[in-house]
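Everything below concerns the one structure shown next.
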Amino acid sequence: MGIETDSTLFYIHDPMCSWCWAFRPVLAQLREHLPPGVKLQKQLGGLAPDSDDPMPEEMQQTLQATWNRIQEKLPETRFNFGFWQQCKPRRSTYPACRAVIAAGIQGEAFVEPMILAIQEAYYLHAQNPSDSKTLFQLAGNIGLDEQQFSEALEAPATHRLLEEEIESSRTMGVRSFPALILQQGTGFWPIPVDYQNVGPILETLDMVLD
């Protein structure tokens, strides 16, 4: 099988995307079984821009319906519906995306723990990662320097890095998350996401790589 050594599988996500939360178990398997010569690279897609406006009731109902649909399809994916009563939802995921970048500035090893901390806060503990105070708390929980994190979260450079990742994702044609895009040389190949089984994803990768 002629595998390019410069193949990158981009995983394009948003830490406040409920389908990305549902995809976690398969993503973990994918990371363990990547074909030789392929590296996995996470990239932020940016679901919803900065906003201080309360989330419209209709949007809240839509998202709760999505959570219900995910639980029907993937019963092992847990959600705490108390979020909708205990928090003041805003349609704003860019702060959580910037928190991932700000965590990474203190070391690549903090990126995964920050993504998981945001997801667990949102989906399991009814905390709102659209709020800076939640993100500061999560940063402390995973062992980050909170002062350095808070400065990085609002720094213009962090805003720029997120804009670049979002633009790169759009250039690849990604409009919804999670998404898998295989780059081989100058070519980009969308790889269908399977939420229940890593097998079909690996089979598609093998076909494209062959």
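The values are calculated or read from the model by the stated rules, or taken from the named source; none is laboratory data. Note that the structure is predicted; figures quoted are calculated from it, not measured. For neighbour counting, all protein chains shown are included, and Cβ atoms are generated from backbone atoms with ideal geometry for every residue, glycine included. Calculation scope for accessible area: heavy atoms of the full protein, side chains included, ligands and nucleic acids excluded. Shrake-Rupley method; radii C 1.70, N 1.55, O 1.52, S 1.80 Å.
So, R0 is 25 Å and r is the distance between the beta-carbons of D206 and A157; what FRET efficiency does that work out to, to 0.05? Mind showing how you got there, number by number?
Numbers: r = 39 Å, r/R0 = 1.56.
That pair, D206 with A157, gives E of 0.05.
Along the axis of the charge dipole computed for the chain (Cβ charges of +1 for Lys and Arg, -1 for Asp and Glu, origin at the Cα centre), the listed residues Q29, Y195, A109 are led at the positive end by Y195. For the chain, the mean residue ellipticity at 222 nm estimated from helices alone is -16000 deg cm²/dmol, where every DSSP H run of n ≥ 4 contributes -39500 (n - 2.57) and the total is divided by all residues, rounded to the nearest 500.
Looking at the chain, the accessible area is 49 square angstrom per residue; that uses a 1.4 Å probe and ignores ligands, DNA and RNA.
Given N residues in region 82-153, what is Rg(Cα) / (2.2 N^0.38 Å)?
Working: Rg = 11.4 Å, N = 72, 2.2 N^0.38 = 11.2 Å.
This ratio for region 82-153 stands at 1.02.
Could you give the longest part of the chain that holds none of the GluC sites (Glu not before Pro) found in DSSP loops with at most 16 neighbouring Cβ atoms within 10 Å?
Details: sites that count: E4, E76.
My reading of the result: 77-210 is the longest stretch.
Cysteine residues of the chain whose C-beta has no other cysteine C-beta under 4.7 angstrom: C87, C97.
In this rough spin-label picture, where each label sits 7 Å from Cα along the Cβ direction, the D145-T8 distance is 2.8 nm.
Which aspartates and glutamates does K73 reach when only Cα atoms under 19 Å apart count, and residues fewer than 8 places away in its own chain are ignored? Within the straight-line cut-off, K73 pairs with D194. Summarising the strand pairing of the chain, around 60 percent of its internal DSSP beta bridges are antiparallel.
Run the accessible area of the chain with a 1.4 Å probe and give the carbon-and-sulfur part as a rounded percent. Walk me through the numbers before you get to the answer.
On the way: 5200 of 10330 Å².
Ligands and nucleic acids excluded, carbon and sulfur reach 50 percent.
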